[in-house]
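Below is one structure, written out as structure tokens, with a few remarks after it.
The values are calculated or read from the model by the stated rules, or taken from the named source; none is laboratory data. Nothing here was measured: the structure is a model prediction, and the numbers come from that model. Reconstructed Cβ throughout: ideal geometry from the backbone, glycine too, with neighbour counts over all protein chains shown.
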Amino acid sequence: MTALTAEDFSALDALMAPRSVAVVGASDDPTRIGGRPIAAMRAAGFRGRIFPVNPGRSAVQGLPCFATVAALPEAPEVGIVAVAARHAVEAVAALGAKGCRAVTLFSAGFAETGDEGGRAQAEILGIARRHGMRVLGPNTLGVYNAGIGYYGTFSSSLDSGFPRPGPIGIASQSGAYGAHLAVAARDRGLGASVLVTTGNEADVTVADAIGWMARSETVEVVCAYQEGFRDGPRMIAALEAARAAGKPVFLLKAGRSRLGAAAAAS
């Protein structure tokens, strides 16, 4: 990984505030992983274009469905990949060839599972680099930006209500912990309108998310959860960007104790 300058964090715009999204592995069932993002975005009034991709359906949740990424009428700004790991590499390659700018990879079964999964993750990152795409994940719960109604996540926390509008941004390596913070904020009447969960951090890290929030016009305070750092200069650049913008960052670093390290590794 290489450290980013403050200006470079805007490269995450397609991931964080897209105007069009393709959901690969789209489901007509709003409770399934491939159906939750579509259902949430439609309920929240996302104004961008949603392109479900599933070779087995002609329509998904009332939207026209496309058999392949290549068949899409335009290049989506972000692609959500909600297929099994064995199909994820092909999906990312298709999105890159179409001209997609960013990918959120829900799929698990990569570096968190061992060497073979690590090689598959490296292959995905290589494909993304060749096409100039940013990758969130794999093994991520996703991202949402409530201010524009974008919900690129399969979090079940939305079943009990959408986040309140407000100035808090949450960046978490752990999806479960990030969703917990978001629900806790909502239930206490706090507005946390942006959530990013980074998962395996093949590419996009908590530092990147903090850096993007430092430039955001809506986020004023950042709450972050980090299990491990692999690029210190990248985090320093993000924190410097937040400081320059006058935005405090509250960061919880887990895994310092033996018990905490075991929990983070799980």
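Restricted to the stretch 84-127, and to residues that are within 16 Å of the chain's Cα centre (by Cα) and surrounded by fewer than 20 Cβ atoms within 10 Å (Cβ to Cβ), which residue is farthest from P18 (Cα to Cα)?
Looking at the filtered set, the residue picked out is A108.
Could we say that R49 is closer than 14 Å to V78 by Cβ and of a type outside the set (G, A, S) here?
It is true that R49 is closer than 14 Å to V78 by Cβ and of a type outside the set (G, A, S).
Can you tell me which residue is surrounded by the most Cβ atoms within 10 Å (Cβ to Cβ) among those in the stretch 128-138 that are part of a helix (DSSP H, G or I) and among the basic types (K, R)?
Applying the filter and picking the extreme gives R129.
Filter the stretch 29-49 down to the residues that are surrounded by fewer than 21 Cβ atoms within 10 Å (Cβ to Cβ), outside any helix (DSSP H, G or I) and not hydroxyl-bearing (S, T, Y) and list them by number.
D29, P30, R32, I33, G45, R47, G48, R49
Checking D231 against (1) in contact (Cβ under 8 Å) with a residue 60 or more places away in the chain; (2) buried (at least 22 other Cβ atoms within 10 Å of the Cβ); (3) not hydroxyl-bearing (S, T, Y), only one condition comes out false. Which one?
Against the list (1) in contact (Cβ under 8 Å) with a residue 60 or more places away in the chain; (2) buried (at least 22 other Cβ atoms within 10 Å of the Cβ); (3) not hydroxyl-bearing (S, T, Y), D231 comes up short only on (2).
Determine if the stretch 91-113 includes at least one residue that is assigned to a helix (DSSP H, G or I), more than 19 Å from D29 (Cβ to Cβ) and acidic (D, E). Talk me through it step by step, then tell me what you get.
So in the stretch 91-113, the residues assigned to a helix (DSSP H, G or I) come out as 91-98, 111-113.
So of that shortlist, the ones also more than 19 Å from D29 (Cβ to Cβ) come out as 91-98, 111-113.
Filter once more, so that each one left must be acidic (D, E): 112.
Scanning the stretch 91-113 turns up at least one residue that is assigned to a helix (DSSP H, G or I), more than 19 Å from D29 (Cβ to Cβ) and acidic (D, E).
May I ask you to say which residue of F51, F9 is touching a residue at least 24 places away in the same chain (Cβ under 8 Å), of a type outside the set (S, T, N, Q) and under 25 Å from A108 (Cβ atoms)?
F51
Given the condition out of contact with any strand residue (DSSP E or B) (no Cβ under 8 Å at 6 or more places or on another chain), modelled with pLDDT of 95 or more, acidic (D, E) and outside any helix (DSSP H, G or I), answer yes or no: does some residue in the stretch 201-208 qualify?
Within the stretch 201-208 (the criterion being out of contact with any strand residue (DSSP E or B) (no Cβ under 8 Å at 6 or more places or on another chain), modelled with pLDDT of 95 or more, acidic (D, E) and outside any helix (DSSP H, G or I)), the answer is yes, since at least one residue qualifies.
A quick yes/no check of all residues on (1) charged (D, E, K, R); (2) surrounded by fewer than 16 Cβ atoms within 10 Å (Cβ to Cβ); (3) free of Cβ contacts under 8 Å to residues at least 60 places away in the same chain; (4) assigned by TED's automatic domain parsing to the domain that holds G132:
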residue	(1), (2), (3), (4)
G169	no, no, yes, no
T205	no, no, no, no
A214	no, no, no, no
C223	no, no, yes, no
E227	yes, no, yes, no
A244	no, yes, no, no
